[in-house]
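I have placed the structure first, in the form of structure tokens, so that the comments after it can refer back to it.
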Amino acid sequence: MFNPKYTITARLLANIKRIAELVEKLNGRQFSDVVLFEFEKRAREVSAYSSTSIEGNPLPLTEVKRLIKSSPKEIRDTEKEVLNYNNALVFINNHPEKIFNLNLITGVQKMVTDGLINKFNSGKIRQEAVFVNNPKTRKVIYLPPDYQDVPEMMDELIKYVNNSKEVVDPLILAGIFHKQLVIIHPFIDGNGRTSRLITKKLLYNMGLNTFNLFSFENYYNNNITKYFENVGLYGNYYEIKDIDFTSWLEYFTDGIIDELLRVTGELNKFELKDIGRLEDYHKIIIEYIKKNGTMKDSDYAKLTKRARPTRYIDFKKLIDFNLIERKGKGKNSYYTLK
């Protein structure tokens with residue numbers, strides 16, 4: 001029975017609290033659909049670039065963005081690897097169902113390896129031995145479990161995640177899954193990419209809906225050596241005793257904080273950039289509310305020649321920018337500063 005060993009250290013506890021605060025602040029803010037669309041797109045681009053770069057893909061971020069935008073038909077394997085990862089991210093974003101099972105995991109692995117390995121190994125648990133090389137020296141550093149043991153280990157991991165949702169912090173649960181899947185190494189290829197994608201899926205399912213705006217893969221890619229040192233093991237799986245997840249969980253939550261702070265800063269810049277584009281009639285609304293406390297549509301109609309539908313759009317834009325809010329209903333509705 002899979003029963004991971006870890007300790008809630010002061011650092012890990014502080015990280016969990018900090019993440020909760022950052023997520024609550026982001027989830028409590030209101031962004032326009034345009035802003036949300038732009039940042040989801042950016043997150044997919046950075047994730048597709050970073051996660052494939054970790055595995056040795058040489059394509060730069062500018063090329064990855066171009067690929068995702070154009071989706072050309074005639075592509076090389078390096079390009080297909082990027083597009084496969086992006087397709088898997090889109091699938092995860094568009095399927096928020098809470099079902100977590102082996103079919104989900106093998107299905108995601110099939111997406112990331114489609115057309116890159118033979119069909120017998122795509123979407124299938126491995127039926128042969130594998131080994132893990134150091135990405136720089138190319139020397140063998142880890143021998144995963146025998147393939148005969150993989151089905152049972154996967155079953156235990158999935159049961160652990162599903163049975164622990166009410167008693168284990170979601171961040172810890174997602175982190176444990178991430179590392180344990182890498183330890184099991186259930187596939188011939190695509191283990192790292194699959195583990196990172198399913199980890200993101202777990203975070204979505206656990207109600208952390210900010211996570212479609214950011215890319216923890218970016219944090220790992222900034223220091224690949226440190227990532228491999230923390231997520232992987234060294235030696236023969238059967239000779240390694242007392243696997244402790246504590247240091248990995250600290251590193252895992254460090255990365256989430258780092259990326260949440262980066263995205264928060266980018267969102268703030270993006271908002272300020274758009275707010276700087278406000279027209280004079282938007283500023284009339286803000287100044288009026290500052291002076292009088294509230295503003296009705298009838299008040300705005302006296303100050304401008306803009307038609308009623310257009311006035312509604314003006315108010316809506318300021319609401320989307322989180323500058324004002326609407327109160328009351330129907331003819332009794334009015335606007336105040338946020």
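The values are calculated or read from the model by the stated rules, or taken from the named source; none is laboratory data. The model shown is predicted, which means the values in this text are computed figures rather than measured ones. FYI the Cβ positions are ideal-geometry reconstructions off the backbone, even for glycines, and counts take in every protein chain you see.
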Evaluate the range 267-284: report whether one residue or more is surrounded by fewer than 15 Cβ atoms within 10 Å (Cβ to Cβ) and closer than 30 Å to Pro58 by Cβ.
yes
Those residues of the range 181-231 that are closer than 22 Å to Asp155 by Cβ and outside any helix (DSSP H, G or I) come to a total of 7
Going by the structure shown, is Ile141 on the phi < 0 side of the Ramachandran plot and modelled with pLDDT under 95?
yes
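From the list Asn163, Asn121, Asn133, exactly one residue is under 25 Å from the mean Cα position of the chain (by Cα) and either assigned by TED's automatic domain parsing to the domain that holds Tyr238 or free of Cβ contacts under 8 Å to residues at least 60 places away in the same chain (or both). Which is it?
Asn163
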For Tyr300, are the conditions met, namely being in contact with a strand residue (DSSP E or B) (Cβ under 6 Å, 6 or more places away or on another chain), surrounded by 15 or more Cβ atoms within 10 Å (Cβ to Cβ) and over 28 Å from Ile19 (Cα atoms)?
no
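Residue-by-condition table, conditions (1) at pLDDT 95 or above; (2) surrounded by 23 or more Cβ atoms within 10 Å (Cβ to Cβ); (3) over 21 Å from Phe37 (Cβ atoms):
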position	(1), (2), (3)
His185	yes, yes, yes
Asp189	yes, no, yes
Gly192	yes, yes, yes
Ser195	yes, yes, yes
Lys200	no, yes, no
Ile224	no, no, yes
Glu229	no, no, yes
Leu233	no, no, yes
For the range 287-298, which residues satisfy the criterion of being in contact with a helix residue (DSSP H, G or I) (Cβ under 7 Å, 6 or more places away or on another chain) and over 15 Å from Lys327 (Cα atoms)?
Tyr288
Pick from the range 41-93, criterion acidic (Asp, Glu) and in a loop (DSSP other than H, G, I, E, B), ranking: nearest to Asn218 (Cα to Cα):
Glu55
When (1) closer than 21 Å to Lys5 by Cα; (2) crowded, with 21+ Cβ neighbours inside 10 Å are applied to Phe216, the one that fails is (1)
Hits in the range 129-160 - residues which are in a loop (DSSP other than H, G, I, E, B) and acidic (Asp, Glu)
Asp146
From the set of residues in the range 235-264 that are modelled with pLDDT of 90 or more and surrounded by fewer than 14 Cβ atoms within 10 Å (Cβ to Cβ), which is nearest to the chain's Cα centre (by Cα)?
Leu261
Given the criteria modelled with pLDDT under 90, over 39 Å from the mean Cα position of the chain (by Cα) and not basic (Lys, Arg), does Asn322 qualify?
no
Phe245 being of a type in the set (Phe, Trp, Tyr), out of contact with any Gly (no Cβ under 6 Å at 6 or more places or on another chain) and closer than 30 Å to Ala129 by Cβ:
yes
Arg126 passes all but one of the listed conditions (1) part of a loop (DSSP other than H, G, I, E, B); (2) under 30 Å from Thr7 (Cβ atoms); the exception is number (2)
Applying the selection to the range 80-99, what residues are at pLDDT below 85 and closer than 14 Å to Ala43 by Cα?
Asn93
With respect to Arg311, determine if the residue is surrounded by 15 or more Cβ atoms within 10 Å (Cβ to Cβ), under 30 Å from Pro170 (Cα atoms) and either among the aromatic types (Phe, Trp, Tyr) or out of contact with any Ser or Thr (no Cβ under 6 Å at 6 or more places or on another chain) (or both).
no
